[in-house]
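Peer 1: Below: one structure in structure tokens.
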């Protein structure tokens, strides 16, 4: 049995189930309260899993990464994944930056630390399990799944903000208009 490999070195595709992973992250302020969401779809069976979550103080890029990580973690077995996202950050990270960061001991050019290294390392672990192909789509252009992920991510952090207001008063962050 072959071992699944990360995106650039494809594993034999005849044995891996194919899934679609739509993701988005959102943040009110940067940093501020943020949310992530994903839709995981198995085209052969038609099954779908939709999930979202939030963090009280985060950045948009962290939420974009978290959506991808949570989606990949939801897979029960190694899979061939088409990741569909509007995040240029995630796309460039997967296709350009990640191999260079690893080769340089998780450093960027100028020997600077990789931002969100904890999440990139977790994503790298997941790439050793799944064969991931990134597909960029423009955001906020009516793409059904992307729009749904965006709404769910926003609802997730708005729900968190509302629950914090209810328990801790006005000192908690609030969403603009």
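A short reminder: the numbers here are calculations on the coordinates, not readings from a lab. From a predicted model like this one, the values you see are computed outputs, not experimental measurements. Every residue, glycine as well, gets a Cβ built from its backbone with ideal geometry; the counts of neighbours run over all protein chains shown.
Peer 1: Which residues among the range 53-70 fall inside the zone where the amide N is under 19 Å from a point 7 Å beyond the Cα of residue 113, along Cα→Cβ?
Peer 2: 57-63, 65-66
Peer 1: Before rounding to the nearest 500, sum -39500 (n - 2.57) across all DSSP H runs of length at least 4 in the chain and divide by the residue total; then give [θ] at 222 nm in deg cm²/dmol.
Peer 2: -10500 deg cm²/dmol
Peer 1: Please compute, for the alpha-carbon atoms of the range 74-135, the extent along each of the three principal axes and give them in descending order in Å.
Peer 2: 37, 22, 16
Peer 1: Quick one: divide the alpha-carbon radius of gyration of the chain by 2.2 N^0.38 Å and tell me what you get.
Peer 2: 1.08
Peer 1: Which stretch or stretches of the range 61-76 have amide N atoms under 18 Å from the point lying 7 Å from residue 49's Cα along the Cα→Cβ direction?
Peer 2: 65-76
Peer 1: How much of the DSSP beta bridge set in the range 18-164 is antiparallel, as a percent to the nearest 5?
Peer 2: 60 percent
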